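Everything on this sheet refers to the single structure shown next.
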Amino acid sequence: MKPIFLVLALVPALCAAAPSADADSDHGYGYKPKCHTVYKTIYETIYEDKCHTYYDTKCHTEYDTKYKTEYKKDCHTYYEQACKTHYDTIYEKKCETYYSEECEKYYETVYDTKYKTECETHYKEECYGYGYHKQCKKVPIEKCHDHPVQVPKKIPREKCHKVPHEKCHKVPKKIPREECKQIPRESCKDIPIDIPVKVPREVCEKIPKEKCEKIPKKIPQKVPEEVCDYHEPHHEPHHGGYGYGHGYGYGYHGRRSG
């Protein structure tokens, strides 16, 4: 809506600033009419969207599971033992472990770094004299550098470990022995059982919806209009026309009105 108001506000200013094409014209009446600008208010109808939110209720049925407890009698037969203890003597083998150390020799290979000198010879040409007296000869130049070389060496090592030894002997031990007999017994109890029951429940929710309608709105505008007064100004009547003799004749007098 802001650009419309801006254009409407600029219309009166542009019209007022523009020069009137007929302001300096006499419109063919022989005199200049008096003109001025008046502004008329006109109204332009525009439509604006007016929206409001309403809520629609939507319901559905859900089921909750509830449990109803019932009891069932459960009986079973069990046997109760009546026991008497006797002891038997047995001999168990009891062993003890001790360790002795045993060692063996082996050789470990290690590497020492040594440096080996290698040389190479190249020749450089040296000249002396000029022109036909110039003589050249090749002079040998030796360049040497050291290279690292890994030299293996065996070092004797000793590896020891403990060897387990077992020493055993017999030890007497009393073993209990029970002589039992079974006596039948019956046991009953009520066992709760949960039985599921579906219970309906209505669940409703409000769903927002938007409804819009066009609302008319009148916008005032100032429109410039030029108003001119075309009435001839008042002055003394004058005579003219055709006549015979001195001062006698028929004349024509008229007024142009706007």
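The values are calculated or read from the model by the stated rules, or taken from the named source; none is laboratory data. Since the model is a prediction, treat every value here as computed from it, not as a measurement. Cβ atoms come from the backbone with ideal geometry, glycine included; neighbour counts cover every protein chain shown.
Couple of notes before you dig in:
- Verdict on Gln182 being touching a helix residue (DSSP H, G or I) at 6+ places or on another chain (Cβ under 6 Å) and of a type outside the set (Phe, Trp, Tyr): no
- Segment 187-203 residues that are under 11 Å from Lys68 (Cβ atoms) and touching a residue at least 40 places away in the same chain (Cβ under 8 Å), paired with ones that are surrounded by 10 or more Cβ atoms within 10 Å (Cβ to Cβ) and of a type in the set (Asp, Glu) (beta carbon under 8 Å, 6 or more apart): Pro192/Glu70; Ile193/Glu70; Ile195/Glu70
Yes/no per residue for (1) of a type outside the set (Lys, Arg); (2) surrounded by 10 or more Cβ atoms within 10 Å (Cβ to Cβ); (3) touching a Pro at 6+ places or on another chain (Cβ under 6 Å); (4) modelled with pLDDT under 85:
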residue: Cys95; (1), (2), (3), (4): yes, no, no, no
residue: Cys103; (1), (2), (3), (4): yes, no, no, no
residue: Tyr111; (1), (2), (3), (4): yes, yes, yes, no
residue: Glu120; (1), (2), (3), (4): yes, no, no, no
residue: Tyr128; (1), (2), (3), (4): yes, no, no, yes
residue: Gly131; (1), (2), (3), (4): yes, no, no, yes
residue: Lys138; (1), (2), (3), (4): no, yes, no, no
residue: Pro152; (1), (2), (3), (4): yes, no, no, no
residue: Cys160; (1), (2), (3), (4): yes, no, no, no
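- Ile183 vs. criteria touching a residue at least 60 places away in the same chain (Cβ under 8 Å), assigned to a strand (DSSP E or B) and not basic (Lys, Arg): yes
- Residue match in segment 152-168 (condition: touching a His at 6+ places or on another chain (Cβ under 7 Å) and under 30 Å from Tyr87 (Cα atoms)): no
- When Lys34 is tested against (1) of a type in the set (Lys, Arg); (2) modelled with pLDDT of 85 or more; (3) within 23 Å of Val223 (Cβ to Cβ), just one condition goes unmet, and that condition is (2).
- Filter pass, Cys168 being in contact (Cβ under 8 Å) with a residue 12 or more places away in the chain and under 30 Å from Ile90 (Cα atoms): yes
- Test: residue in segment 48-59 that is at pLDDT 50 or above, of a type in the set (Asp, Glu) and either in contact with a Phe, Trp or Tyr (Cβ under 8 Å, 6 or more places away or on another chain) or exposed (fewer than 10 other Cβ atoms within 10 Å of the Cβ) (or both): yes
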